[in-house]
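Asks: Below you'll find the structure I mean.
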Amino acid sequence: MSYYRNYGSPAPADTGRPIFALLKAWAAGLVVLLLTSYLQTAYFYGTFATPERLESFVNVLWLVHLPNAVCIALAVWVSARVHAEPHRESTVQHMSAAFVVPVAAQLVGFALSAGLPWRNLGVLSVLMSIAVLVVGCIAGYAAERLREQD
């Protein structure tokens, strides 16, 4: 621990290694994504997403895809907010801090569900999942950039 002679100035910014800043951001995003996905699955789907309601495309859009986009947007927002300040200057590092967790989760989800015999991954469901991922990532990153400007 260092001693600061000028008590009025703030401590210097964390200038640690960029990989640690990325890992911290990814860990925060993963926790948020897992928590919001659990809450969505355990409480929201059980309450609102009944088989009768999921027969129309509009209801599937509102009851499944929109909550998924919100979960992704929250994970991106938290990941980007946790990413340490000196490393935010690099656009590539900051975007990878924000987007790696949702993209990796989507890829893992595709890989796991492809092996299930009862899960038929059609072209429409894959395209909708990718669209939800893109919308969630853009919304979360835009919210973080708006917060950054304030």
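The values are calculated or read from the model by the stated rules, or taken from the named source; none is laboratory data. This structure is a prediction, so every number in the text was calculated from the model and none was measured. Using ideal geometry, Cβ is built from the backbone for each residue, glycine included, and neighbour counts are taken over all protein chains shown. All accessible areas refer to the heavy atoms of the entire protein, side chains included, with ligands and DNA or RNA removed. Shrake-Rupley method; radii C 1.70, N 1.55, O 1.52, S 1.80 Å.
Asks: How big is the gap, in Å, between the Cα center of the range 61-81 and the Cα center of the range 124-150?
Replies: Each part reduced to its Cα centre gives a spacing of 7 Å.
Asks: Please compute the modelled spin-label separation between VAL31 and ALA114, points set 7 Å along Cα→Cβ, answer in nm with one decimal.
Replies: Distance between label points: 3.2 nm.
Asks: Also, I was wondering about something else. In degrees, nearest 10, range 0 to 90: what is the angle between the Cα axis of helix 123-149 and the longest Cα principal axis of the chain?
Replies: Its long axis makes an angle of about 30 degrees.
Asks: Report the gain in length on full extension from PHE48 to LEU107: 0.36 nm times residue separation, minus Cα-Cα distance, nm rounded to one decimal.
Replies: 18.6 nm
Asks: Sticking with this one: For the chain, set up a GNM with springs between Cα atoms under 10 Å and report which of PHE44, PHE99, PHE57 has the largest fluctuation.
Replies: The residue that fluctuates most here is PHE57.
Asks: By how many degrees, between 0 and 90 and to the nearest 10, does the Cα long axis of helix 66-82 differ from the longest principal axis of the chain?
Replies: 10
Asks: Going by alpha carbons, how many degrees (0 to 90, nearest 10) lie between the helix axis of 18-39 and the longest principal axis of the chain?
Replies: Approximately 30 degrees, to the nearest ten.
Asks: Note down the accessible area of LEU23, probe 1.4 Å, to the nearest 10 Å².
Replies: Accessible area of LEU23: about 90 Å².
Asks: Also: To the nearest 10 square angstrom, what accessible area does THR91 show with a 1.4 Å probe?
Replies: 90
Asks: So, one more: Can you give the accessible area of CYS71, probe radius 1.4 Å, in Å² rounded to 10?
Replies: Approximately 10 Å² for this residue.
Asks: Given a 1.4 angstrom probe, I'd like the percentage of the accessible area of the chain that is carbon and sulfur, rounded to a whole number.
Replies: So the carbon and sulfur contribution to the accessible surface is 70 percent.
Asks: Same structure again: Out of ALA42, ALA131, ALA84, any idea which swings most in a Gaussian network model of the chain, alpha carbons joined below 10 Å?
Replies: ALA42
Asks: Beyond 22 Å, what percent of the Cα pairs of the chain remain?
Replies: Every Cα pair in the chain considered, those over 22 Å come to 50 percent.
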